Amino acid sequence: MSAKLMAYPTRRIRQLEALATNGVPYGLIAIILFFVIEVQILSSSIDHILRKQMQLIREGEEIEYKNGMENTIPSTVCRWPPSEIGNIVVKEVFNITLCVRGSLQPRRRKRAKAYTLNELFGLSKMTGSFAFDEFSLLPRRFWGRMRVPAAYLTYPQDVPITDVVEAIKRGLPVLEMPDYNFPITILSAPKSACREGEQYDLVIVFKSALLAWNARSSIREYMHYEKSRGSGMKVGVVFSVGLPRKHGGRMFDRDGEVISLPGSAGDLLEMYDGREAEVMARIYKEMQTYDDILLADYEDTYYNLTWKTVTNYRWMSAFCRVEDVKLFMTVDDDHRVNLSMVAAFLNRVPQYTRRNSIFGSVARRDFAHRSPRNKLYLSFREFPWDRMYPYARGFAQLVGPDIVADVAIATAYTRYNYAPEDVYIGMVALKLGIPVYEEATMYDHDLYRRRNGKRRPVMVALAKYFPTA
């Protein structure tokens, strides 16, 4: 008997012998036996192959799972704020472009989000959906009945921003990469504030025009006087500037409209047009003398104040330990700050509220300027709604330390092509759910004279209202 037949179960052999006893020819029995044995062997092989394939599949799934787990391990390098300043140093300058990790999870091709007329305006009987870039084509009468804040929250980039911010802070991957993470480099960081190991009651970032060296000199003298008055506060002061404009003078293209920047800001741009080397030589000398200049690589003009503001938030969140700062403040260089009033504010406002909010002179009924002859011109394409959401006016803002990183990250997910810097920060705050509170002791322009008839002490006002300024 063959080896295959020997391996065949005894019960089956007896069944075949019974067939022979009943007169079935042995040739037919042999054929049946051959096919039965081959089927058994084939089944065994198939079973082995299937087991092997399942093992490979399981191993593949395990490898894929491990790769997924590796991608969700928090990065100590690719996160914001950086774990250490050395992580953003590139050839002796500081790259403050956000490092964002994309998820390995496959996603469909990115499409512009569309919104129904019911979502935007409560027009339930009208059909159709529109992407943000199509909003300017809608009838203007619709915007009088826009839903708030639903319509505002469509401003690009419409993502689950709080989840994205938390992921980037932890060094985790995100499903949506930022559309507005433009390259920004700090060319020189000052040591006049946020020194390692030191604690500050207040860190002031003056949004200073590059060519306003006289204003900076005046502020330095004034702040020296303020500190000597005995407020007892530890205060750091920084002047945030960019690079000279390469060409163009006072003329700017604002979303297809040519605008001439009026006033002294435009005059200075005309005066120093083509004199970059001279301007930078003067700035470098100022930096060496005072070490209080925050210099970044954007063109420093009125219409790049939003770039300046993004730079400021990235610097505050990366270079200052929030645990060591009680309060941040951003101020225009034509205004002055009363430190005694800031000290009173610190004592008056509860700590959690102070550390997690923005305070200022809140604009609640502002409308977009539609005339190209106005330097504040905004096109319908950029802001389709006429009435703006509440925001703290840009001349001065008090900023809670615990929100600076969130704002710094969210700027990479919020468009800032043409938005004024205060309107822009208001949009970021709205998306993040950051409260914006009125601080009644701040006065812009000539509001101090018009609204403060009894001349009560103020925290912020134009320089001319401070006799010592």
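The values are calculated or read from the model by the stated rules, or taken from the named source; none is laboratory data. These numbers were taken from a predicted model, which means no experiment stands behind them. Here the Cβ is made from the backbone with ideal geometry for all residues, glycine too, and neighbour counts use every protein chain on show.
How many residues, within region 271-300, are assigned to a helix (DSSP H, G or I) and either closer than 25 Å to Ser379 by Cβ or modelled with pLDDT under 95 (or both)?
0
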* Might you let me know whether region 372-382 holds any residue that is more than 23 Å from Val460 (Cα to Cα) and polar (S, T, N, Q)? => yes
* Does Asp179 meet the test of being assigned to a strand (DSSP E or B) and under 22 Å from Glu421 (Cβ atoms)? -> no
* **Check on Asp366, acidic (Asp, Glu), buried (at least 16 other Cβ atoms within 10 Å of the Cβ) and closer than 30 Å to Arg170 by Cα** => no
* **Any hit, region 418-432, residues being at pLDDT 95 or above and small (Gly, Ala, Ser)** => yes
* Residue check: is Ala410 surrounded by 18 or more Cβ atoms within 10 Å (Cβ to Cβ), over 19 Å from Met329 (Cβ atoms), modelled with pLDDT of 95 or more and not assigned by TED's automatic domain parsing to the domain that holds Trp143? -> yes
* To do: Residues being polar (S, T, N, Q), in contact with a helix residue (DSSP H, G or I) (Cβ under 7 Å, 6 or more places away or on another chain) and assigned to a loop (DSSP other than H, G, I, E, B): count how many of those fall in region 399-458.
  => 2
* Structure fact -> A careful count of residues in region 316-338 that are not in a strand (DSSP E or B) and not hydrophobic (A, V, I, L, M, F, W, C) gives 8
* To do: Inspect region 377-396 for any residue being of a type outside the set (Lys, Arg), under 29 Å from Ser228 (Cβ atoms) and free of Cβ contacts under 8 Å to residues at least 12 places away in the same chain and give the result as yes or no.
  => no
* Would you call Gly242 of a type in the set (Gly, Ala, Ser), at pLDDT 95 or above and in contact with a Cys (Cβ under 7 Å, 6 or more places away or on another chain)? -> no
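Table: residues versus (1) modelled with pLDDT of 95 or more; (2) within 28 Å of the chain's Cα centre (by Cα); (3) in a helix (DSSP H, G or I).
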{"position": "Ser43", "(1), (2), (3)": "no, no, yes"}
{"position": "Met54", "(1), (2), (3)": "no, no, yes"}
{"position": "Glu62", "(1), (2), (3)": "no, no, yes"}
{"position": "Met69", "(1), (2), (3)": "no, yes, yes"}
{"position": "Val77", "(1), (2), (3)": "no, yes, no"}
{"position": "Leu104", "(1), (2), (3)": "no, yes, no"}
{"position": "Arg109", "(1), (2), (3)": "no, yes, no"}
{"position": "Ala112", "(1), (2), (3)": "no, yes, no"}
{"position": "Glu134", "(1), (2), (3)": "yes, yes, yes"}
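Listed residues Ser231, Ser217; which is in the same structural domain as Tyr418 (by TED's automatic domain parsing), of a type in the set (S, T, N, Q) and in a loop (DSSP other than H, G, I, E, B)?
Ser231
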* Evaluate the following for Leu346: is it touching a strand residue (DSSP E or B) at 6+ places or on another chain (Cβ under 9 Å), in the same structural domain as Lys234 (by TED's automatic domain parsing), touching a residue at least 24 places away in the same chain (Cβ under 8 Å) and surrounded by fewer than 18 Cβ atoms within 10 Å (Cβ to Cβ)? => yes
* Asked: What residue, among those in region 226-266 that are surrounded by fewer than 17 Cβ atoms within 10 Å (Cβ to Cβ) and touching a Pro at 6+ places or on another chain (Cβ under 8 Å), is farthest from Arg381 (Cα to Cα)?
  -> Val258
